[in-house]
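Peer 1: The structure follows.
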Amino acid sequence: LDAYSWVTLVIFLLSIVPVIRPFKIPFFRQTHIRLNLATSPPLGVLILLIIRAIPITTVRDGCIGSMGIQPYAILILFYSLAYICISLDLTGLFQYLAFWVSRKAGNRGILAFTLFFCLTSLMSGLTSNDVVILTGTVFLSYFTRVSGINPTAFLVSEFTTANIASMALYIGNPTNVIVSEAYDISFIEYSAWMLLPTVVTLLLAYCVLRVMFNNPVYLPRQIVAPDASPNSVLLDPKGAVFGTVLLACCLATLVGTSFAGVSVWMVTLPFAVVTLVRDFLYDLGSIKWMHSNNGLSTVTGSIDIDIDISTSSTVNNGTIDSIDRTRRSSRGSLSNRSIGLQSLPATRAETAPRETVGLHRSFQRRLGQRIKRLGYRWPTVFAVIQRMPWAILPFSLGMFVLVEGLSLVGWVGVLAKGLVVFTLNYVTAVYGVTFVSIVACQLLNNLPMTILLTRIIQHPNFSSRVTSPVIMQGVLLGLIVGSNLGACLTLVGSLAGIMFDHILKSKNIHVLGYRNFLGWNLILLPVLAL
């Protein structure tokens with residue numbers, strides 16, 4: 001290790017801080033540099049390049065991939081599934097299921113808790129934990145408010161099930177994909193490993209949650225059931241059926257092609273393209289309907305939108321609220337799945353500081369008008385694209401490059417020697433790596449942690465000391481479990497936790513701050529991890 005090694009380590013750790021706690025740095029007059037999920041890791045890479053701590057080839061290796069990890073393949077898989085799931089969400093299917101469950105439960109509080117536990121587990125298992133957090137948290141905040149109950153039990157249950165059930169399938173969490181891609185684990189092989197542990201952990205979690213919240217304050221036996229009809233939120237029934245069948249076909253194809261060694265991203269990308277084409281056709285039909293009703297001329301020029309989609313991975317609350325409002329009112333307008341074109345200040349060009357140069361204002365005004373027209377012309381496609389987690393793209397690529405830099409300057413080799421202590425047998429491999437992963441999630445966030453530990457496990461200093469394939473399987477199992485369960489301890493342990501906290505604050509729910517969330521999970525997580 002030399003000076004560059006220590007500088008690289010410091011920059012890597014500092015790059016994680018704005019991911020957990022974003023902030024702004026004054027730059028010039030009223031201009032600020034925003035350090036957040038999307039900007040911090042790329043800035044760290046840029047600094048390392050400027051001081052020549054890493055060569056440009058490290059950036060290439062971090063983006064294209066090395067040692068079995070292909071960042072581009074992981075991101076294509078992630079965004080393909082994200083598009084399918086978000087498009088399915090905009091049909092109103094997930095809200096329909098939530099209202100259907102609440103109607104089935106009626107005024108029975110325990111039954112409502114149990115049914116929502118099953119629903120969020122199923123949704124997370126078949127889609128991803130992010131989809132559950134984005135859709136379930138918003139509904140539960142409404143459900144608990146209308147029912148007049150403390151939301152703590154329902155929200156802790158939702159967050160826990162979302163992160164446990166995401167272990168079941170390859171596609172449930174980006175961390176699963178990273179480990180599986182690095183070690184060429186097929187979809188069917190991964191499922192064979194993880195389905196049983198996931199089901200057992202979910203059953204255990206339900207029992208512990210019932211004991212933890214065995215108090216009428218948190219789980220009253222009688223509640224006020226919402227009177228809204230599930231059909232009122234199912235905005236595009238045909239689209240919901242189409243999306244569900246498409247997602248089922250995608251999962252079935254993943255199982256079938258796993259025997260042929262086909263890369264997972266090659267399977268999911270075509271299904272995402274089919275979904276995109278269907279959304280375009282849906283919007284095209286809506287526009288034709290508007291033309292036939294002479295509605296175009298009455299809407300143009302009256303739509304104001306928020307064009308800041310660069311950090312939408314952390315959830316734009318205005319987007320979610322306005323999409324819901326537009327859905328409820330759109331049956332007689334543009335389309336049932338119309339995007340929430342927000343009634344916000346028109347564009348950034350109109351709210352810019354007075355010192356802003358006229359050319360800059362003109363550019364932003366033109367950009368805003370173009371985006372406005374696109375949002376009106378293709379509302380469904382625009383809605384899905386706006387809700388896509390774009391910030392994960394620069395974040396992930398930046399972290400891949402930073403970890404590649406740590407490997408180059410020697411830190412990965414040093415850490416690999418330390419991790420060897422857990423390779424004595426299968427049990428120490430599973431529990432040791434699980435413990436390290438859970439702790440590291442709280443310090444680094446689960447996605448950077450998984451990238452780093454995967455590199456450490458691949459390093460010769462570690463892999464050469466593994467005496468059998470069974471022990472290596474235990475190491476990988478521990479890493480997968482730790483990267484998912486590690487999200488359940490603190491709100492900063494995962495990207496899903498950051499989104500969860502953001503949504504709760506936007507809904508004025510403060511019963512699960514950092515300390516309360518940690519307190520509940522200090523009871524729950526040790527039982528689940530064992």
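The values are calculated or read from the model by the stated rules, or taken from the named source; none is laboratory data. Quick caveat: nothing in here was measured; it's all calculated off a predicted structure. Counting neighbours? That spans all protein chains shown, and the Cβs are built from the backbone with ideal geometry, glycine included.
Peer 1: Counting only residues that are at pLDDT below 70 and surrounded by 15 or more Cβ atoms within 10 Å (Cβ to Cβ), which one in the stretch 352-390 is farthest from the chain's Cα centre (by Cα)?
Peer 2: So in the stretch 352-390, the residues at pLDDT below 70 come out as 352-364, 368.
Checking which are surrounded by 15 or more Cβ atoms within 10 Å (Cβ to Cβ) leaves us with 352, 356, 361, 364, 368.
Values: 352: 31, 356: 35, 361: 34, 364: 29, 368: 27 Å.
Selected residue: 356.
Peer 1: Let me ask another. Please list, ordered by first then second residue, the pairs with beta carbon atoms under 6 Å, 6 or more apart or interchain, first in the stretch 199-210 and over 14 Å from residue 116 (Cα atoms), second surrounded by 15 or more Cβ atoms within 10 Å (Cβ to Cβ).
Peer 2: Cβ pairs passing all conditions: 201/164; 201/528; 208/524.
Peer 1: Please work out if residue 233 is under 21 Å from residue 70 (Cβ atoms), surrounded by 20 or more Cβ atoms within 10 Å (Cβ to Cβ) and of a type outside the set (Ser, Thr, Tyr).
Peer 2: Details: under 21 Å from residue 70 (Cβ atoms): no; surrounded by 20 or more Cβ atoms within 10 Å (Cβ to Cβ): yes; of a type outside the set (Ser, Thr, Tyr): yes.
When the stated conditions are applied, residue 233 does not pass them.
Peer 1: So which residues in the stretch 7-38 are part of a loop (DSSP other than H, G, I, E, B) and modelled with pLDDT of 90 or more?
Peer 2: So the first thing to find is which residues in the stretch 7-38 are part of a loop (DSSP other than H, G, I, E, B), and the list is 21-22, 29-30, 36-38.
Selection gives nothing.
Peer 1: Which residue is farthest from residue 18 (Cα to Cα), if the candidates are limited to the stretch 431-459 and must be modelled with pLDDT of 90 or more and surrounded by fewer than 17 Cβ atoms within 10 Å (Cβ to Cβ)?
Peer 2: Ranking the qualifying residues of the stretch 431-459, first place goes to 435.
Peer 1: OK, next. So, residue 134, is that one within 18 Å of residue 487 (Cβ to Cβ), in contact with an Asp or Glu (Cβ under 8 Å, 6 or more places away or on another chain) and assigned to a helix (DSSP H, G or I) or not?
Peer 2: Values: within 18 Å of residue 487 (Cβ to Cβ): yes; in contact with an Asp or Glu (Cβ under 8 Å, 6 or more places away or on another chain): yes; assigned to a helix (DSSP H, G or I): yes.
So residue 134 fits the description; yes.
Peer 1: Any residue at all in the stretch 237-254 that's closer than 13 Å to residue 77 by Cα, touching a Ser or Thr at 6+ places or on another chain (Cβ under 7 Å), surrounded by fewer than 20 Cβ atoms within 10 Å (Cβ to Cβ) and at pLDDT 90 or above? Break it down into steps so the answer makes sense when it comes.
Peer 2: In the first step, residues of the stretch 237-254 are kept if they are closer than 13 Å to residue 77 by Cα; the result is 250-251, 254.
When the remaining residues are screened for being touching a Ser or Thr at 6+ places or on another chain (Cβ under 7 Å), the result is 250.
After this cut, where a residue has to be surrounded by fewer than 20 Cβ atoms within 10 Å (Cβ to Cβ) as well, the list is none.
No, the conditions are met nowhere in the stretch 237-254.
Peer 1: Right, something else. For the stretch 201-216, give me the residue count where each residue is part of a loop (DSSP other than H, G, I, E, B) and crowded, with 19+ Cβ neighbours inside 10 Å.
Peer 2: First, pick out the residues of the stretch 201-216 that are part of a loop (DSSP other than H, G, I, E, B): 213-216.
Filter once more, keeping what is crowded, with 19+ Cβ neighbours inside 10 Å: 213.
Within the stretch 201-216, residues that are part of a loop (DSSP other than H, G, I, E, B) and crowded, with 19+ Cβ neighbours inside 10 Å number 1.
Peer 1: Moving on. Could you grab me the full set of residues in the stretch 33-78 that are surrounded by fewer than 20 Cβ atoms within 10 Å (Cβ to Cβ) and hydroxyl-bearing (Ser, Thr, Tyr)?
Peer 2: Passing the criteria: 57, 66, 72.
Peer 1: State the number of residues belonging to the stretch 90-116 that are part of a helix (DSSP H, G or I) and either among the basic types (Lys, Arg) or closer than 20 Å to residue 207 by Cβ (or both).
Peer 2: We begin by selecting, within the stretch 90-116, every residue part of a helix (DSSP H, G or I); these are 90, 93-105, 109-116.
Keeping just the survivors that are either among the basic types (Lys, Arg) or closer than 20 Å to residue 207 by Cβ (or both) gives 103-105, 109-116.
Total satisfying the criteria: 11.
One line per residue, one yes/no per condition, for (1) of a type in the set (D, E, K, R); (2) in the same structural domain as residue 143 (by TED's automatic domain parsing); (3) under 28 Å from residue 457 (Cα atoms); (4) modelled with pLDDT of 85 or more:
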residue: 46; (1), (2), (3), (4): no, no, yes, yes
residue: 83; (1), (2), (3), (4): no, yes, no, yes
residue: 89; (1), (2), (3), (4): yes, yes, no, no
residue: 98; (1), (2), (3), (4): no, yes, no, no
residue: 104; (1), (2), (3), (4): yes, yes, no, no
residue: 112; (1), (2), (3), (4): no, yes, no, yes
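Peer 1: Right, another one. Quick one: in the stretch 460-476, of everything that is among the β-branched types (Val, Ile, Thr) and closer than 18 Å to residue 436 by Cα, which residue is surrounded by the most Cβ atoms within 10 Å (Cβ to Cβ)? Spell out how you get there, then give the answer.
Peer 2: Start the filter on the stretch 460-476 by keeping residues that are among the β-branched types (Val, Ile, Thr), which leaves 466-467, 470-471, 475.
Next, from what is left, pick out any that are closer than 18 Å to residue 436 by Cα: 466, 471, 475.
On the way: 466: 17, 471: 20, 475: 27.
Applying the filter and picking the extreme gives 475.
Peer 1: List, please: which pairs have Cβ atoms under 7 Å, are six or more places apart or on different chains, and start with a residue in the stretch 364-383 that is closer than 19 Å to residue 275 by Cβ and end with one that is of a type in the set (Asp, Glu) and in a helix (DSSP H, G or I)?
Peer 2: Note: pairs meeting the criteria are 378/283; 379/283; 380/279; 380/283; 381/279; 381/283.
Peer 1: Further, regarding this structure: Name the residues in the stretch 466-504 that are under 24 Å from residue 16 (Cβ atoms), among the small types (Gly, Ala, Ser) and in a loop (DSSP other than H, G, I, E, B), would you?
Peer 2: Here is the first cut: in the stretch 466-504, the residues under 24 Å from residue 16 (Cβ atoms) are 475-476, 478-504.
The next check asks that each one be among the small types (Gly, Ala, Ser); those that pass are 478, 482-483, 486-487, 493-494, 496-497.
Passing the criteria: 493, 494.
Peer 1: Okay, next question. If we keep just the residues of the stretch 505-516 that are without any contact (Cβ under 8 Å) to a residue 40 or more places away in the chain and assigned to a helix (DSSP H, G or I), which is surrounded by the fewest Cβ atoms within 10 Å (Cβ to Cβ)? Please lay out each step first, then the result.
Peer 2: Going through the stretch 505-516, the residues without any contact (Cβ under 8 Å) to a residue 40 or more places away in the chain turn out to be 505, 508, 510, 513-515.
Imposing the further condition that a residue be assigned to a helix (DSSP H, G or I) reduces the set to 505, 514-515.
Values: 505: 13, 514: 12, 515: 9.
Here the residue is 515.
Peer 1: Here is a check on your reading of the model: is residue 152 among the hydroxyl-bearing types (Ser, Thr, Tyr), crowded, with 19+ Cβ neighbours inside 10 Å and closer than 14 Å to residue 116 by Cα? Break it down stepwise before answering.
Peer 2: Values: among the hydroxyl-bearing types (Ser, Thr, Tyr): yes; crowded, with 19+ Cβ neighbours inside 10 Å: yes; closer than 14 Å to residue 116 by Cα: yes.
Here the answer is yes, as residue 152 does meet what is asked.
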